[in-house]
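Participant: This structure is in structure tokens; I'll ask about it shortly.
The values are calculated or read from the model by the stated rules, or taken from the named source; none is laboratory data. No experiment lies behind these values; they were computed from the predicted model shown. A quick note on method: Cβ atoms are made from the backbone with ideal geometry, for glycine too, and the neighbour counts reach across all protein chains shown.
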Amino acid sequence: MGKIEWAMWANEQALASGLIYLTGGIVGVAGQFRGWQFAAFGVAAGVFVCLLEYPRSKRSKGTSVGRTGQYCFTVVVKAFGPLTRNYYVRAFIHAALCVPGGFMLATVLGCVCLGIASIIYLVAAIRGEHWEPILPRKPAQKPNVGSINKPPQNPPPRPPPETRRKRVEDLEGAAYDNAINVTADE
Amino acid sequence: MANWIINTGLTAFILIVWMGINTFLFVWFYLFYDLGDRFFYTRHLLGSALAWARAPAAVLNFNCMLILLPVCRNLLSLLRGSFVCCGRSMRKQLDKNLSFHKLVAYMIALMTAVHMIAHLLNVEWYNNSRRGVYDKLSTALSNLEDTNSTTYLNPIRTTDVDAQQTPSYLVFTTIAGLTGVIITLALILIITSSMEVIRRSYFEVFWYTHHLFIIFFAGLVFHGAGRIVRGQVTTDPPHNFTLCKDRSDEWGKIPECPIPQFAGGFPQTWMWVIGPMVLYLCERLLRFIRYMQTVKYRKIVMRPSKVLELQLVKNGFKMEVGQYVFLNCPVISQLEWHPFTMTSAPEEDFLSIHIRSAGDWTDKLISIMQQLPEGAQGPKMGVDGPFGTASEDVFDYEVAMLVGAGIGVTPFASILKSIWYKFKDSNPKLRTRKIYFYWLCRETHAFEWFVDLLQVLEREMEERGMADFLTYKLFLTGWDQSHTDYEGANFDKDTDVVTGLRQKTNYGRPVWDKEFEQVRKENPTSVVGTFLCGPEALAKVLEKKCAKYSDVDPRKTKFYFNKENF
């Protein structure tokens with residue numbers, strides 16, 4: 001499992017956890033459960049986690065496919081700089097957010113799932129991974145070779161005319177070494 | 001529309017039947033719990049949340065039974081073999097086993113969500129009833145205890161625990177609650193590690209996490225053992241709830257209203273899932289037995305561009321064209337089995353695979369083989385298979401269009417070799433009269449071994465005067481200026497400058513409309529089978545073209561699309 005980027009799985013897990021936390025919170029609030037305040041916190045935390053985790057990170061190796069419409073989220077997440085780039089911070093945030101969920105049944109599953117996501121992010125951070133935004137590629141600069149309609153100004157390099165003239169009387173002496181190395185087409 | 005029916009009708013039918021059964025189960029059990037007399041008192045405490053919890057449970061039972069079946073690949077192979085009489089369409093459905101597995105998994109996830117939400121409500125309302133928040137009847141019902149002469153209805157028995165924590169306390173001290181949380185957690189982990197992104201790039205994570213299904217099924221079987229959903233049982237004299245519901249003070253004191261008795265339902269989940277669990281166990285056992293069988297190396301060849309060719313010999317191993325095997329090399333990894341299409345023909349007495357460097361496992365295998373001394377045997381290898389895919393059907397079609405993209409060209413190596421052998425032996429099983437082969441790749445790098453094969457076939461077909469039996473077209477999609485310059489300078493040569501084959505290499509992607517037109521023109525009355533081994537995007541394109549160029553008229557050309565996928 002040498003090449004795995006744990007952050008990719010942590011990201012999927014965290015996004016799922018956010019949704020579960022949110023759902024549990026909605027049920028707790030809508031059903032007016034005991035401890036609905038914790039459920040309300042679950043709703044807010046769930047939304048926050050979903051927004052944070054929606055933009056996928058760019059992979060260090062291989063092609064990265066972003067989620068649909070993630071560009072605006074990428075811009076926002078990128079704006080927080082090292083807070084969102086560093087996975088230790090994320091692991092800590094998720095761990096902190098998940099704790100209140102444990103105080104009420106409706107949010108307990110969200111709490112455990114988010115806790116697991118936090119652990120996977122910790123593993124990712126220890127292995128040195130970090131979040132990179134997926135930005136649209138700028139079109140490649142066309143190399144400026146100049147117009148092909150302009151003919152070359154200088155003649156190609158040739159040895160001086162005296163050596164070029166065919167010397168019939170002395171064919172041996174007429175042979176010369178090329179100034180530039182000539183190799184056969186590979 | 002008619003073309004759509006020919007090509008996807010049976011799939012649609014199966015999906016409709018499956019959804020029909022799901023809907024029926026949901027509605028039936030919803031009404032059973034929402035209208036049944038037995039649950040009158042239970043419903044008084046819980047309302048319709050009881051039915052909303054039990055209906056998805058029934059759908060879950062059904063789908064958990066189904067989910068193990070599509071991944072019993074040996075069972076599917078067996079079914080395929082026995083369907084030989086039932087026509088292509090039936091057997092083609094077995095190709096889509098993984099799609100069905102995923103669909104059933106989505107349904108399980110959805111129903112788990114509904115089931116869980118309904119039970120969250122149930123537990124909260126049980127808690128409220130127990131604390132006397134609701135009406136007199138609810139409190140009376142909740143007070144019933146489990147003693148010699150009474151049985152309880154409300155599973156929350158103790159009131160000592162803090163009211164806010166009681167639901168969590170109930171969940172973690174009952175079998176149903178504990179198993180429920182554990183298996184839901186297992187399900188969530190399985191789902192997040194099975195996302196396409198994770199599956200395609202980090203297969204090991206997907207595969208190892210997926211084994212949490214063992215925990216899932218173990219928990220599922222015991223989930224109902226606590227019999228926590230309780231209904232009223234008949235007493236002697238009977239307790240008529242219509243009469244007695246408003247007289248809870250007098251229960252047990254008047255003859256018409258004895259204390260109502262309750263009991264939980266018999267757990268049923270195990271009845272649904274035990275069959276597939278046994279089948280899956282047999283499947284894994286079979287894989288293990290296959291793994292223990294000796295596999296000897298006949299030849300190990302390093303091909304150019306980091307492609308490893310292995311020729312293996314296994315006792316009693318029989319294969320068909322285009323089938324694949326799973327390889328396991330304990331030296332590299334104990335648990336991982338990886339699929340590879342075989343490139344040998346059934347007429348040969350060995351099986352060969354061409355393995356390309358594509359990840360951890362393949363890289364390690366190639367490096368182990370590279371360090372072996374000449375003529376030595378390789379590391380122990382387990383071979384499971386062969387498993388059938390669509391290419392088994394290729395000889396049934398009069399005309400076959402074979403499209404191989406990149407590494408997807410591998411099954412066609414087996415097919416072309418087999419065709420060659422069958423032709424030499426004048427095998428009557430060969431119904432194929434004409435083959436069109438389209439090979440798409442970015443560069444022929446890593447496929448030089450396939451070019452060699454084509455050269456051999458080309459030569460032999462010329463010798464027999466069968467030059468138009470096989471029409472093949474190569475498309476290099478990764479061309480650049482230097483290619484065209486070189487081509488331009490050598491256009492009048494007989495053989496292609498890149499591959500050395502007689503057919504010229506085309507540059508860029510094929511124009512499928514033109515190709516299908518040509519096939520249709522040259523074969524006006526045939527049934528044409530189109531086989532693809534390649535990317536999903538191309539599959540969609542070809543599927544559409546097959547539908548577009550097929551004629552409903554049975555006398556005219558019809559295209560059937562078959563796809564391989566790993």
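Participant: How many residues does region B:257-270 contain that are of a type outside the set (Ser, Thr, Tyr) and either touching a strand residue (DSSP E or B) at 6+ places or on another chain (Cβ under 9 Å) or closer than 13 Å to B:Ala218 by Cα (or both)? Step through it out loud before you land on a result.
Facilitator: Of the residues in region B:257-270, the ones of a type outside the set (Ser, Thr, Tyr) are B:257-268, B:270.
Filter once more, so that each one left must be either touching a strand residue (DSSP E or B) at 6+ places or on another chain (Cβ under 9 Å) or closer than 13 Å to B:Ala218 by Cα (or both): B:260-265, B:270.
Here the count works out to 7.
Participant: What pairs come out if I take residues in region A:76-96 that are over 16 Å from A:Val47 (Cα atoms) and pair them with residues that are in a helix (DSSP H, G or I) and polar (S, T, N, Q) whose C-beta lies under 6 Å away, six or more apart or interchain?
Facilitator: These pairs meet every condition: A:Ala91/A:Ser118.
Participant: Mind checking which residues of region B:160-179 are at the interface with another protein chain (Cβ under 9 Å from one of its Cβ atoms) and not in a helix (DSSP H, G or I)?
Facilitator: Result: B:Ala163, B:Gln164, B:Gln165.
Participant: Looking at region B:347-390, which of the residues that are under 23 Å from B:Arg290 (Cα atoms), among the polar types (S, T, N, Q) and in contact with an Asp or Glu (Cβ under 7 Å, 6 or more places away or on another chain) is surrounded by the fewest Cβ atoms within 10 Å (Cβ to Cβ)?
Facilitator: Of everything passing the filter in region B:347-390, B:Ser352 is surrounded by the fewest Cβ atoms within 10 Å (Cβ to Cβ).
Participant: Please tell me if A:Gly101 is within 14 Å of another protein chain (Cβ to nearest Cβ), modelled with pLDDT of 90 or more and crowded, with 21+ Cβ neighbours inside 10 Å.
Facilitator: Judged against the criteria, A:Gly101 is a match.
Participant: May I pose another question? When the residues of region A:15-41 are narrowed to those that are more than 28 Å from B:Met195 (Cβ to Cβ) and more than 8 Å from chain B (Cβ to nearest Cβ), which ends up surrounded by the most Cβ atoms within 10 Å (Cβ to Cβ)? Step through it out loud before you land on a result.
Facilitator: First, pick out the residues of region A:15-41 that are more than 28 Å from B:Met195 (Cβ to Cβ): A:29-38, A:40.
Narrowing the set further to residues that are more than 8 Å from chain B (Cβ to nearest Cβ) leaves A:29-30, A:32, A:36-38, A:40.
On the way: A:Val29: 18, A:Ala30: 13, A:Gln32: 10, A:Trp36: 19, A:Gln37: 14, A:Phe38: 25, A:Ala40: 16.
Per the stated criteria, the residue is A:Phe38.
Participant: Within region A:65-80, is even one residue exposed (fewer than 15 other Cβ atoms within 10 Å of the Cβ), within 24 Å of the chain's Cα centre (by Cα) and of a type in the set (Gly, Ala, Ser)?
Facilitator: Scanning region A:65-80 turns up at least one residue that is exposed (fewer than 15 other Cβ atoms within 10 Å of the Cβ), within 24 Å of the chain's Cα centre (by Cα) and of a type in the set (Gly, Ala, Ser).
Participant: Surrounded by 22 or more Cβ atoms within 10 Å (Cβ to Cβ), of a type in the set (A, V, I, L, M) and assigned to a loop (DSSP other than H, G, I, E, B) - does that describe any residue in region B:131-153?
Facilitator: yes
Participant: If you don't mind, there's one more thing I want to ask. Can you find, within region B:9-52, the residue that is surrounded by the fewest Cβ atoms within 10 Å (Cβ to Cβ) among those that are closer than 21 Å to B:Asn240 by Cα, without any contact (Cβ under 8 Å) to a residue 60 or more places away in the chain and aromatic (Phe, Trp, Tyr)?
Facilitator: So, considering only residues that are closer than 21 Å to B:Asn240 by Cα, without any contact (Cβ under 8 Å) to a residue 60 or more places away in the chain and aromatic (Phe, Trp, Tyr), the one surrounded by the fewest Cβ atoms within 10 Å (Cβ to Cβ) is B:Phe32.
Participant: Hey, another quick one. For region B:419-452, which residues satisfy the criterion of being closer than 25 Å to B:Phe516 by Cα and in contact with a Pro (Cβ under 8 Å, 6 or more places away or on another chain)? Steps first, please.
Facilitator: The initial filter retains those residues of region B:419-452 that are closer than 25 Å to B:Phe516 by Cα, namely B:419-420, B:430-444, B:450-451.
Matches in region B:419-452: B:Tyr438, B:Leu440.
Participant: Where in region B:180-268 are there helices (runs of 4 or more DSSP H), lying fully within it, with 1 or more residues that are closer than 30 Å to B:Ser333 by Cα?
Facilitator: Numbers: elements: B:196-201, B:203-210, B:213-222, B:241-244.
Where helices (runs of 4 or more DSSP H) fall fully within region B:180-268 and carry at least 1 residues being closer than 30 Å to B:Ser333 by Cα, they are B:196-201, B:203-210, B:213-222.
Participant: Being within 30 Å of A:Tyr54 (Cα to Cα) and at pLDDT below 90 is true for just one of B:Arg130, B:Arg199, B:Arg157. Which residue is that?
Facilitator: On the way: B:Arg130 fails: within 30 Å of A:Tyr54 (Cα to Cα); B:Arg157 fails: within 30 Å of A:Tyr54 (Cα to Cα).
One residue alone meets the criteria, B:Arg199.
Participant: Here's a follow-up. If a residue has to be under 30 Å from B:Val123 (Cα atoms) and touching a residue at least 12 places away in the same chain (Cβ under 8 Å) to count, how many in region B:178-219 make the cut? Even if it seems obvious, please write down each step before you answer.
Facilitator: Within region B:178-219, the subset under 30 Å from B:Val123 (Cα atoms) is B:178-192, B:212-219.
With the extra rule that they be touching a residue at least 12 places away in the same chain (Cβ under 8 Å), the set shrinks to B:179-180, B:182-184, B:186-187, B:189-191, B:212-213, B:215-217, B:219.
Here the count works out to 16.
Participant: Name the residue, out of B:Lys306, B:Lys296, that is under 30 Å from B:Asn74 (Cβ atoms), charged (D, E, K, R) and under 33 Å from the mean Cα position of the chain (by Cα). Working first, answer last.
Facilitator: Numbers: B:Lys306 fails: under 30 Å from B:Asn74 (Cβ atoms).
Within the list B:Lys306, B:Lys296, the selection yields B:Lys296.
Participant: With the structure loaded, tell me whether A:Lys61 is within 25 Å of B:Tyr202 (Cα to Cα) and modelled with pLDDT under 90 or whether it fails that test.
Facilitator: Judged against the criteria, A:Lys61 is a match.
Participant: Residue by residue through region A:1-14, note down the ones that are of a type outside the set (Val, Ile, Thr), facing chain B (nearest Cβ under 8 Å) and farther than 22 Å from B:Leu110 by Cα.
Facilitator: Hits for region A:1-14 are A:Met1, A:Gly2, A:Lys3, A:Glu5, A:Met8.
Participant: Now for a different question. Can you tell me which condition B:Met111 does not meet? The list is (1) more than 30 Å from A:Ser57 (Cα to Cα); (2) within 11 Å of another protein chain (Cβ to nearest Cβ); (3) in a helix (DSSP H, G or I); (4) of a type in the set (A, V, I, L, M), and all the others hold.
Facilitator: Among (1) more than 30 Å from A:Ser57 (Cα to Cα); (2) within 11 Å of another protein chain (Cβ to nearest Cβ); (3) in a helix (DSSP H, G or I); (4) of a type in the set (A, V, I, L, M), the lone unmet condition for B:Met111 is (2).
Participant: To continue, here is another question. Report yes if some residue within region B:485-495 is within 30 Å of B:Ser344 (Cβ to Cβ), more than 42 Å from the chain's Cα centre (by Cα) and at pLDDT below 65; otherwise report no.
Facilitator: Quick first cut of region B:485-495, residues within 30 Å of B:Ser344 (Cβ to Cβ) only: B:495.
Narrowing the set further to residues that are more than 42 Å from the chain's Cα centre (by Cα) leaves B:495.
Adding the requirement that they be at pLDDT below 65 leaves B:495.
Taking every residue of region B:485-495 in turn, at least one turns out to be within 30 Å of B:Ser344 (Cβ to Cβ), more than 42 Å from the chain's Cα centre (by Cα) and at pLDDT below 65.
Participant: Go through region B:298-320 and give me each residue that's in contact with an Asp or Glu (Cβ under 6 Å, 6 or more places away or on another chain) and surrounded by fewer than 16 Cβ atoms within 10 Å (Cβ to Cβ). Spell out how you get there, then give the answer.
Facilitator: In the first step, residues of region B:298-320 are kept if they are in contact with an Asp or Glu (Cβ under 6 Å, 6 or more places away or on another chain); the result is B:301, B:303-304, B:320.
Those that are in contact with an Asp or Glu (Cβ under 6 Å, 6 or more places away or on another chain) and surrounded by fewer than 16 Cβ atoms within 10 Å (Cβ to Cβ): B:Val301, B:Pro304.
Participant: A follow-up question, please. Farther than 30 Å from B:Phe395 by Cα, surrounded by fewer than 16 Cβ atoms within 10 Å (Cβ to Cβ), more than 23 Å from the chain's Cα centre (by Cα) and among the aliphatic types (A, V, I, L, M), is that true of B:Val278?
Facilitator: So B:Val278 does not fit the description; no.
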